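Trainee: One structure, as structure tokens, below. Some questions next.
The values are calculated or read from the model by the stated rules, or taken from the named source; none is laboratory data. The structure displayed is predicted, hence computed values, not measured ones. Virtual Cβ from ideal backbone geometry, glycine too; neighbours counted across all protein chains shown. Only protein heavy atoms, including side chains, enter the accessible area calculation; ligands, DNA and RNA are left aside. Shrake-Rupley method; radii C 1.70, N 1.55, O 1.52, S 1.80 Å.
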Amino acid sequence: MTSCRGINWQCILAIVALLWAGMAWAQDSDSSGSQDSQQSETENSQPLAKAGETVTEKLTVDDVDRKYLIHIPLGYDGKQRFPVVVLLHATNQDSDDMSRLTHFDQIADKNGVITVYPSALHGRWNIGAHFLERPTSPMSPGRRPFGFPGGYPGGGGGYPGGYPGGGGGYPGGNPGGQRPNAPPKHKEQGPVSNDVNYLNQVLDAVSLRYSVDASRIYVTGLSDGGFMAIKAGCSMADRVAAVAAVGAAMPRNFACLPARPVSVLMINGTSDPIVRYSGGSDKDADVSTLSVEETAKQFAKLDHCSEKPEQDKISPKEKGGMETKVNTFTGCQDNSQVALYSIKGGGNTWPGGEQYSSDQDVGKTSNDINGDQTIWDFFATKKLASDNHASNSNPEQK
């Protein structure tokens, strides 16, 4: 090796060459790392939905690829915090069905609410209760034994012509003579999922990607989705400010131990052929429930409400309509509330929503109350207490 004592131009040139090579290597390394980072970010990210848009987003939960639908309201601004309403579909439906059936996005746009529509595995939610076994035929992939006459608005053929990709729905292709919300047995569908974990991860993803008011997260659902909404109220009370169950009641063998008093709205038809208002189970049901009124009393007891509810009623809009009896339990702990809307003659349906199957199968839909508005009016006054407050506050509605 050349000794560099004194001024030696050969040594100086060698040193300069080494420094130049080092700088070039560092620049190449930084450029390569930046490209790899950008590529990884591009591959793992999904484009954000814009105000007024509805998009499907994906995530992996327990090594299973899952998806959910999300609607960002008109007027969305990332500088503000927005409440979130999670809507859970009935058995053998999916997120698209729930969105079209309820029309809840109209209320969401009007009030500045992010709506999220998760999808259950195998068309059914795992509520953690024991289901009664009964003989059924397994459903074919993509087949749904129900639908709107002629198909969903803007969709494809449903009852009676069949559902897109399903090869016929009710009554043209109703597999095994099942009732529209009658699910196949779990063991014929494969392993069940941990849907509380799934909902938590959906909320995590939504909260990371959008501007969410964590104190104003709500869950509602229809029929099987209503059971899952009850499950969320019992198991996710530290995260969910209120729940609304439509066409559902508490299973008899279900343990409900919420972390705090949780506000609960129930909307039930007195002539529901799937979830009996009086409780128990019929020949097509696979879970035995408490009566609807007993379910409301159980939640009122959990929330330490007054024993007797305040009573009111909503008269039908016109002759032949359905009267709705309203029982509201007040004086509850932490400003929680329990309310029961009992629709006389109503079925396993969403008030003001689509009649998604025949009256014989799911009962009648009431148009005398607007389910979306009723649910949002209940949710809008409920808020999780912050760390610095002992009770809930009543936020201003957007």
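Trainee: Return the only residue of Arg179, Arg239 being modelled with pLDDT of 95 or more, in a loop (DSSP other than H, G, I, E, B) and either of a type in the set (S, T, N, Q) or open to solvent by 30 Å² or more (accessible area, probe 1.4 Å) (or both).
Mentor: Numbers: Arg179 fails: modelled with pLDDT of 95 or more.
That would be Arg239, the only listed residue that is modelled with pLDDT of 95 or more, in a loop (DSSP other than H, G, I, E, B) and either of a type in the set (S, T, N, Q) or open to solvent by 30 Å² or more (accessible area, probe 1.4 Å) (or both).
Trainee: Working only within the range 255-298, note down all residues that are open to solvent by 10 Å² or more (accessible area, probe 1.4 Å), without any contact (Cβ under 8 Å) to a residue 60 or more places away in the chain and among the polar types (S, T, N, Q).
Mentor: Those that are open to solvent by 10 Å² or more (accessible area, probe 1.4 Å), without any contact (Cβ under 8 Å) to a residue 60 or more places away in the chain and among the polar types (S, T, N, Q): Ser278, Ser291, Gln298.
Trainee: With the requirement that a residue be open to solvent by 80 Å² or more (accessible area, probe 1.4 Å) and part of a helix (DSSP H, G or I), what does the range 334-358 give you? Let's see the steps before the verdict.
Mentor: Start the filter on the range 334-358 by keeping residues that are open to solvent by 80 Å² or more (accessible area, probe 1.4 Å), which leaves 335, 344.
Listed by number, the list holds a single entry, Asn335.
Trainee: A further question follows. In the range 306-332, what count of residues is obtained for those that are in a loop (DSSP other than H, G, I, E, B), among the polar types (S, T, N, Q) and either at pLDDT below 95 or open to solvent by 60 Å² or more (accessible area, probe 1.4 Å) (or both)? Quick ask: steps written out before the conclusion?
Mentor: So in the range 306-332, the residues in a loop (DSSP other than H, G, I, E, B) come out as 306-309, 315-323, 330-332.
Retained after the next criterion (residues that are among the polar types (S, T, N, Q)): 306, 315, 330.
Keeping just the survivors that are either at pLDDT below 95 or open to solvent by 60 Å² or more (accessible area, probe 1.4 Å) (or both) gives 315.
So the answer is 1.
Trainee: Just for the range 53-101: of the residues that are closer than 15 Å to Gln201 by Cβ and β-branched (Val, Ile, Thr), which one is most open to solvent (accessible area, probe 1.4 Å)?
Mentor: Thr60
Trainee: Those residues that are open to solvent by less than 10 Å² (accessible area, probe 1.4 Å), closer than 20 Å to Leu101 by Cβ, in a helix (DSSP H, G or I) and not acidic (Asp, Glu), I need them from the range 203-234; list them, please.
Mentor: Matches in the range 203-234: Gly225, Gly226, Met228, Ala229, Ile230, Ala232.
Trainee: Quick one: Asp303 ticks every box in (1) closer than 22 Å to Asn126 by Cβ; (2) surrounded by 22 or more Cβ atoms within 10 Å (Cβ to Cβ); (3) among the acidic types (Asp, Glu) except a single one, so which number is it?
Mentor: Every condition holds for Asp303 apart from (1).
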